[in-house]
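Student: Got a structure for you, questions after.
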Amino acid sequence: MVVDFATSTPTPSAAIDSSTTKPTTTTLMKGGLFADTTTTTATDNFELPPITPIASGTSIPKLLRAHAADSEDHEPFYIIDVGQVARKYDQWVAALPRVDPFYAVKCNGDKTILKLLAKLGTGFDCASKAEMDTVLKMGVPADRIIYAHPCKMASHVKFASQNNVRMMTFDNEHELHKMKELYPNARLVLRVLTDNSRSICNLGLKFGAALARVPHMLQLAKDLELDVVGVSYHVGSGCFDAQAFADAVAVAKTVFNIGAELGFKFNLLDLGGGFPGSDNVNVKFDDIASVLRVALDKHFPAAENKDLHIIAEPGRYFVSASHTLAVSVVAKRTIVLPTTNGETNDANSAANQAAMASASACPAAAAAAAMAAAQGRAADGAPTFMYYVNDGVYGSFNCILFDHAVVAPRVLVSGNLGVVAMDSDSESDSEERAESGFACSIWGPTCDSMDCITKTGRLPELAIGDWLYFEDMGAYTVAASSTFNGFPKPKLMYVNSESHRNLL
Ligand SMILES: *Cc1c(COP(=O)(O)O)cnc(C)c1O
């Protein structure tokens, strides 16, 4: 039942440094030291992992607990519910019937999920040759792929060209010259800058043509006889104002008008990503969808836009809620605080740790220890705890650094010998317990002090061997995780809560 993809990671060929290795010309293959791997083969030798059917409404924590109780090695693991992904698709189709979702592969390239989405009929947003190759090998037609990277590598453009992936974005003049040279038949989509200020992840810092540049850029495309077919944007991820999505549609409409003045007939509108995948956010998907429906009907009424293809590039929307991660407590430190007369009764006092941590220029540890000290003092002598678990920011929790994620630990199993602490699955129950717990911080397994999952929080006292779990861990987690310091990636177990449907 457990599939470990961690062992199947390919070895990067970049390990050979061609600047120091000087082969004689007779040993050179086409393209230098390396064989030409630009073209793809059409085979897909990916085999689906076992997927356990479960009744809809089955509690994922209960499944996690059962597996944790069986676990001898106490390694971290995910339960991935493919049924959850299918329900997201249904919700999308119901809420945004005019918009075709093109899943952003970078968010989570899990092949089982890609296969499922392909089968459900989504398109795909790919940003590299490898992402395109993966999706093409699953049999997805090239016209259901958008190469949505405004600043592309030449070899990746060649790959797109060889495989007829024609739709691709650009946002600057240099890229237009590149496309003219490498792929003059591409169907180009102009990525414009929209207001990203209402999002936690501001993608406008890196990409997007300012509206003022658009006339010049489109004129250049016209002079180069390139085929610009539409407009895309990304409002940023972690958006906290649904209105930002509507405002962006208005910007796109302005660009459509500029294009029309120059003689372009745009027929593609790409709404980008940033749609939340969980309801534990400020602005819910349904709020965004209703604002968007109104904006689309206002600026691009269906009756007058029969040839318009509207797509979006949701990433987190589809996968966030599908993954639940279980980790175990591998080590623990108790911090006993200074007594009221100022004496420290423990060499590891929080205040001491705070001082040491700031001396070692580690802000995360300093903040954590200082906070623990402050909280502990408030609790009048109650101890605080540091827990060390077996996945961290070099692994799944890279989302904390790269995606500004804030994660919520929940107790899965407590009581050292696998005794279940929480019989009820209700959140209020676990929140009550958290209220009555102790101040604590949670740390990843590596030797780096940056490797901190939560700096502050309250949990019942945990023992070594206890388990925690984290919900909504599907987006920007597994995708960029590493095995730094030799800590393996969590194992993956698949379940299907929509088992009455033939999903895969
Ligand atoms: C990352 C990205 C997405 C997906 O963003 P989410 O916030 O996961 O929806 C979509 N489009 C582009 C161009 C991206 O870079």
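The values are calculated or read from the model by the stated rules, or taken from the named source; none is laboratory data. Please read all numbers here as calculations on a predicted model, not as lab measurements. FYI the Cβ positions are ideal-geometry reconstructions off the backbone, even for glycines, and counts take in every protein chain you see.
Student: Please determine whether any residue of the range 196-211 is surrounded by fewer than 17 Cβ atoms within 10 Å (Cβ to Cβ), in the same structural domain as residue 311 (by TED's automatic domain parsing), away from the ligand (no atom under 16 Å from the Cβ) and among the hydrophobic types (A, V, I, L, M, F, W, C).
Tutor: Scanning the range 196-211, I find at least one residue that is surrounded by fewer than 17 Cβ atoms within 10 Å (Cβ to Cβ), in the same structural domain as residue 311 (by TED's automatic domain parsing), away from the ligand (no atom under 16 Å from the Cβ) and among the hydrophobic types (A, V, I, L, M, F, W, C), so the answer is yes.
Student: Could you go through the range 447-458 and let me know if any residue there is in a strand (DSSP E or B) and more than 24 Å from the chain's Cα centre (by Cα).
Tutor: As a first pass, look at the range 447-458 and keep what is in a strand (DSSP E or B): 452-454, 458.
Adding the requirement that they be more than 24 Å from the chain's Cα centre (by Cα) leaves 458.
Yes, the range 447-458 has at least one match.
Student: Can you find even one residue in the range 317-326 that is surrounded by fewer than 17 Cβ atoms within 10 Å (Cβ to Cβ), away from the ligand (no atom under 16 Å from the Cβ) and hydrophobic (A, V, I, L, M, F, W, C)? Steps first, answer last, please.
Tutor: As a first pass, look at the range 317-326 and keep what is surrounded by fewer than 17 Cβ atoms within 10 Å (Cβ to Cβ): none.
No: zero hits.
Student: For residue 290, which of the numbered conditions (1) farther than 25 Å from residue 319 by Cβ; (2) modelled with pLDDT of 95 or more; (3) small (Gly, Ala, Ser) fails to hold?
Tutor: Result: residue 290 passes all but (1).
Student: Inspect the range 296-306 for any residue being over 25 Å from the mean Cα position of the chain (by Cα) and surrounded by 21 or more Cβ atoms within 10 Å (Cβ to Cβ) and give the result as yes or no. I'd like the intermediate steps shown before the answer.
Tutor: Step one: list which residues in the range 296-306 are over 25 Å from the mean Cα position of the chain (by Cα), which gives 296-306.
Those still in the list that are surrounded by 21 or more Cβ atoms within 10 Å (Cβ to Cβ) too: 296.
Within the range 296-306 (the criterion being over 25 Å from the mean Cα position of the chain (by Cα) and surrounded by 21 or more Cβ atoms within 10 Å (Cβ to Cβ)), the answer is yes, since at least one residue qualifies.
Student: Just to be sure before I move on: is residue 467 modelled with pLDDT of 95 or more, over 30 Å from residue 127 (Cβ atoms) and in contact with a Ser or Thr (Cβ under 6 Å, 6 or more places away or on another chain) in the structure I sent? Spell out how you get there, then give the answer.
Tutor: Numbers: modelled with pLDDT of 95 or more: yes; over 30 Å from residue 127 (Cβ atoms): yes; in contact with a Ser or Thr (Cβ under 6 Å, 6 or more places away or on another chain): yes.
Yes: the conditions hold for residue 467.
Student: Answer yes or no: is there a residue in the range 130-153 that is within 14 Å of the ligand (Cβ to nearest atom), polar (S, T, N, Q), surrounded by 18 or more Cβ atoms within 10 Å (Cβ to Cβ) and farther than 15 Å from residue 188 by Cα.
Tutor: The answer is no; no qualifying residue exists.
Student: Within the range 418-454, take every residue that is at pLDDT 95 or above and among the charged types (D, E, K, R) and give me the one that is farthest from the ligand (Cβ to nearest atom).
Tutor: In this case the residue turns out to be 448.
Here is a yes/no grid of residues against (1) among the basic types (Lys, Arg); (2) within 16 Å of the chain's Cα centre (by Cα):
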site	(1), (2)
80	no, yes
85	no, yes
102	no, yes
114	no, yes
119	yes, no
122	no, no
147	no, no
152	yes, no
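Student: Name the pairs whose Cβ atoms lie under 7 Å apart, with the first residue in the range 139-163 and without any contact (Cβ under 8 Å) to a residue 24 or more places away in the chain, the second more than 16 Å from the ligand (Cβ to nearest atom), and 6 or more positions between them or separate chains?
Tutor: Matching pairs, first to second residue: 140/118.
Student: Hey, which of the strands (runs of 3 or more DSSP E) in the range 208-325, taking only ones fully inside, have at least 3 residues that are free of Cβ contacts under 8 Å to residues at least 60 places away in the same chain?
Tutor: Working: elements: 227-232, 237-239, 268-270, 309-312.
So the answer is 227-232.
Yes/no per residue for (1) assigned by TED's automatic domain parsing to the domain that holds residue 410; (2) surrounded by fewer than 17 Cβ atoms within 10 Å (Cβ to Cβ); (3) in a helix (DSSP H, G or I):
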{"residue": "61", "(1), (2), (3)": "no, no, yes"}
{"residue": "65", "(1), (2), (3)": "no, no, yes"}
{"residue": "69", "(1), (2), (3)": "no, yes, yes"}
{"residue": "78", "(1), (2), (3)": "no, no, no"}
{"residue": "90", "(1), (2), (3)": "no, yes, yes"}
{"residue": "97", "(1), (2), (3)": "no, yes, no"}
{"residue": "102", "(1), (2), (3)": "no, no, no"}
{"residue": "114", "(1), (2), (3)": "no, no, yes"}
{"residue": "117", "(1), (2), (3)": "no, no, yes"}
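Student: With 343, 261 as the choices, which residue is modelled with pLDDT under 95, more than 16 Å from the ligand (Cβ to nearest atom) and farther than 21 Å from residue 195 by Cα?
Tutor: 343
Student: Testing residue 280 on (1) modelled with pLDDT of 95 or more; (2) of a type outside the set (D, E, K, R); (3) away from the ligand (no atom under 12 Å from the Cβ); (4) farther than 19 Å from residue 189 by Cα, one condition comes back false. Which one is that?
Tutor: Unmet condition: (1).
Student: May I pose another question? For residue 185, are the conditions met, namely being in contact (Cβ under 8 Å) with a residue 12 or more places away in the chain and under 27 Å from the mean Cα position of the chain (by Cα)? Give the steps one after another, and end with the answer.
Tutor: Numbers: in contact (Cβ under 8 Å) with a residue 12 or more places away in the chain: yes; under 27 Å from the mean Cα position of the chain (by Cα): no.
No, not satisfied.
Student: Considering (1) more than 20 Å from the chain's Cα centre (by Cα); (2) within 22 Å of residue 113 (Cα to Cα), say which one residue 462 fails and leave the rest.
Tutor: Against the list (1) more than 20 Å from the chain's Cα centre (by Cα); (2) within 22 Å of residue 113 (Cα to Cα), residue 462 comes up short only on (2).
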